[in-house]
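Worksheet for the structure shown next.
The values are calculated or read from the model by the stated rules, or taken from the named source; none is laboratory data. Just so you know, these numbers come straight off a predicted model, no measurement behind them. Positions of Cβ are backbone-derived with ideal geometry, glycine not excepted, and every protein chain shown enters the neighbour counts.
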Amino acid sequence: MTTTFSRWTKPLLAAAFLLTLTFTIIARAAEAPPPKVLVIVSSENTLHLQDGKTYPTGYYLNELTVPVRKLIDQGYDVVFANPAGNAPALDKRSDSADHFGNDPVVYASYRTFHDGLAGLKSPEKLSDVIEEGLAPYAAVFFPGGHAPMEDLLQDADVAVVLNHFHQAGKPTALICHGPIALIATVNDPQGFVLALEKGDMEEASKLASGWPYAGYKMTIFSTAEEQVAEATGLGGKVRFYPDAALVAAGGEVELVKPWSPYVVEDRELITGQNPGSDELISDALVNAIEANRSK
């Protein structure tokens, strides 16, 4: 009897142990906090053009809400921040069904979602986020609109954030004009921008020597698209074209036909060319976060 008892008891005890261990692992995973994603928006609401002209701007509604809704639906904790910690502006040109497949029902749904984003109305100050620590964040996302052309590309705190995610290999996603924020990581972003404004691309390239994203494949709002915007709404010419800026810095810029959805992924970097790339970049960002979590 003793031999029979031992023969059956040991396997049962081993199976029970493994089952208990499995449930413990699952329970701990369930208790783990959801991934945090930092969403950085501009603090500016005016784009300065050539000849002293200006254009009221901000973030684009679909470029922010489509990816953010995807992140929240995925169960992620989204934290909004900008350099000044002020309420960011919505570019009124983006506030229409035009950017939601011309579907008023879809537009209304995203508008309601947007209006319920308490964190967007009162974002964190970026320096405070950095002081609290960037390690808990699984990814960073920059929506577009013309506003990043004013502040994010020259902001020292933006550079700190980008360098952290670059060095850690954590997903860094930017759409439309958002990728211009990558310029913040050149050694002298202010000098670089001045060179761009003067049209001195050789000087700009010298100032960008050692750029962390040199050689990366990327995309951004194209000159062809910007020229349409200049002619149909901006009321003037931009001080420099975004795609030319990334090329001068050392990026391998890829562009497709104007207004065609397009996303480029290279290592941790995920970039979208235009507003129509909102769904593509949303999926790419979530996939990148999940791939990192599974490592």
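Worth a mention:
- All conditions but one from (1) of a type in the set (S, T, N, Q); (2) assigned to a helix (DSSP H, G or I); (3) more than 30 Å from Phe240 (Cα to Cα) apply to Ser127; the one that does not is (3).
- If you go through region 77-107 and keep only what is without any contact (Cβ under 8 Å) to a residue 12 or more places away in the chain, in a helix (DSSP H, G or I) and out of contact with any Ser or Thr (no Cβ under 8 Å at 6 or more places or on another chain), you end up with Ala97, Asp98, Pro104, Val105, Val106.
- Selection within region 193-229 - acidic (Asp, Glu) and buried (at least 16 other Cβ atoms within 10 Å of the Cβ): Glu203, Glu225, Glu226
- Pair list, Cβ < 9 Å and 6+ apart or interchain, from region 108-132 residues that are at negative phi to residues that are hydrophobic (A, V, I, L, M, F, W, C) and modelled with pLDDT under 95: none
- Matching residues, region 259-278, being surrounded by fewer than 16 Cβ atoms within 10 Å (Cβ to Cβ) and either of a type outside the set (D, E, K, R) or assigned to a helix (DSSP H, G or I) (or both): Trp259, Ser260, Pro261
Matching residues to (1) outside any helix (DSSP H, G or I); (2) of a type outside the set (A, V, I, L, M); (3) over 26 Å from Gln50 (Cβ atoms); (4) under 20 Å from the mean Cα position of the chain (by Cα):
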site: His164; (1), (2), (3), (4): no, yes, yes, yes
site: Ala173; (1), (2), (3), (4): yes, no, yes, yes
site: Pro179; (1), (2), (3), (4): no, yes, no, yes
site: Leu194; (1), (2), (3), (4): no, no, no, no
site: Gln227; (1), (2), (3), (4): no, yes, no, no
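- Within the option set Val193, Val228, Val186, Val238, being at pLDDT 95 or above, touching a Lys or Arg at 6+ places or on another chain (Cβ under 9 Å) and more than 17 Å from Glu254 (Cα to Cα) holds for one residue only, Val193.
- Criterion applied to Leu21, Leu38, Leu13, Leu49 was being surrounded by 13 or more Cβ atoms within 10 Å (Cβ to Cβ), more than 13 Å from the chain's Cα centre (by Cα) and either under 21 Å from Leu152 (Cα atoms) or at pLDDT below 55 (or both), and the one residue passing it is Leu49.
- Top-ranked residue of region 48-65 - restricted to ones that are touching a residue at least 24 places away in the same chain (Cβ under 8 Å) and in a helix (DSSP H, G or I), ranked as farthest from Arg293 (Cα to Cα): Asp51
- Evaluation of Val68 against (1) in a helix (DSSP H, G or I); (2) within 15 Å of Gly116 (Cα to Cα); (3) out of contact with any strand residue (DSSP E or B) (no Cβ under 8 Å at 6 or more places or on another chain) (one fails), failing number: (3)
- Residue in region 94-116 that is among the acidic types (Asp, Glu), within 28 Å of Gly250 (Cα to Cα), touching a Leu at 6+ places or on another chain (Cβ under 9 Å) and surrounded by fewer than 24 Cβ atoms within 10 Å (Cβ to Cβ) present: no
- Test result for Ile130, buried (at least 21 other Cβ atoms within 10 Å of the Cβ) and hydrophobic (A, V, I, L, M, F, W, C): no
- Matching residues in region 142-191 - criterion: being touching a strand residue (DSSP E or B) at 6+ places or on another chain (Cβ under 9 Å) and on the phi > 0 side of the Ramachandran plot: Gly145, Cys176
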